[in-house]
Amino acid sequence: MTTRSADAPRFHVALPLPAGELLELPREPGHHALRVLRLGAGDALVLFDGGGREVPAVIESVQRDRVLVRLGEALSPLRESVLRIRLAQAISARERMDYTIVKAVELGVEALAPVAARRSVVRLDEDRAGKRLAHWQSLVVSACEQCGRNRLPSVEPVLPLAQWLASLPAGGEELRLLLHPGPGQRLRELHPAAAVTLLVGPEGGFAPDEVAAALAAGFLSVCLGPRILRTETAGPAAIAALQALWGDL
Ligand code: SAH
């Protein structure tokens, strides 16, 4: 297992990062390095490409807003879980959804699928859905910068629940779990799987026909104990429990 050195700030830079080269940081990480963290020549940082590689680097010079860094040798430390988890979260109020996404990334999800449910309080037209998707992707990037992941989890475009269920491959290998309060199975009673898709309802829960549609699509109803969790708690709690059972926690 590799843990990260906690001191050097990390920046996602989706570019080739060849050892020994001088690279100008793109605008956003450059701004963050200079104006927020107030880094300067000689300071160490870590860049990662989002595809699994990270590269130690040192700031060589700063010219006005341009930050030039000298790249070191790439490393590919393994910080991804062996358990592949995809979280399908019914769209919840803005700050709840943000919380879910950040915590799910910290806990090691591989993919996030925002789904529009009947009781989702937030309605997103195409324009707002696009903006919200970009916002969620930026949260994923900053969570990866913070927690040391070098592979960016994907955020899928928003789909209505029925359409998202229809998009799942028939006979998919992954275990499909619908988190639903009530008399469902408990996580620890399930047979271990290598890949899990979790489906979590919005603040008001799923409507009965949505539950029926998920069950028809091969989801198993599971219950996270006798307490009702808030929607933003349910996903991260289930991910943590699954990682402890079959993953890397
Ligand atoms: N009143 C709603 C509660 C919604 S809680 C209802 O009875 O359905 C929001 C979402 O969090 C739920 O749709 C479910 O996906 C998840 N959740 C909350 N508590 C849970 C529990 N104890 N077990 C399984 N899922 C839970």
Problem - In segment 199-227, the residues that are of a type in the set (V, I, T) and within 7 Å of the ligand (Cβ to nearest atom) - result: V200, V222
Practice task
Considering only residues that are part of a loop (DSSP other than H, G, I, E, B) and more than 6 Å from the ligand (Cβ to nearest atom), look in segment 228-249 and name the one that is nearest to L199 (Cα to Cα).
Solution key: R230
Problem - Odd one out for F48 among (1) surrounded by fewer than 20 Cβ atoms within 10 Å (Cβ to Cβ); (2) outside the structural domain of V115 (by TED's automatic domain parsing) - result: (1)
Exercise for the section: Output yes when any residue across segment 183-198 is free of Cβ contacts under 8 Å to residues at least 24 places away in the same chain and within 13 Å of the ligand (Cβ to nearest atom), and no when none is. Expected result: no
Handout entry: Close pairs from segment 106-135: first assigned by TED's automatic domain parsing to the domain that holds R151 and within 23 Å of V196 (Cβ to Cβ), partner in a helix (DSSP H, G or I) and modelled with pLDDT under 95, Cβ under 9 Å, at least 6 apart
Key = P114/A129; A116/A129
Practice task
State whether the residues of segment 8-24 include one that is more than 22 Å from P153 (Cβ to Cβ), out of contact with any helix residue (DSSP H, G or I) (no Cβ under 6 Å at 6 or more places or on another chain) and buried (at least 18 other Cβ atoms within 10 Å of the Cβ).
Solution key: yes
Problem - Condition check for V158: in contact with a His (Cβ under 7 Å, 6 or more places away or on another chain) and either under 26 Å from A134 (Cα atoms) or within 13 Å of the ligand (Cβ to nearest atom) (or both) - result: no
Exercise for the section: Please find, among V211, V196, the residue that is within 17 Å of A238 (Cβ to Cβ), in a helix (DSSP H, G or I) and modelled with pLDDT of 95 or more. Expected result: V211
Practice task
Go through (1) at pLDDT 95 or above; (2) away from the ligand (no atom under 16 Å from the Cβ); (3) of a type in the set (D, E, K, R); (4) farther than 16 Å from V13 by Cβ one by one and return the number of the condition D127 breaks.
Solution key: (1)
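The values are calculated or read from the model by the stated rules, or taken from the named source; none is laboratory data. Being a predicted model, the structure only gives us computed values, none of them experimental. With ideal geometry, Cβ positions are generated from the backbone for all residues, glycine too; neighbour counts draw on all protein chains shown.
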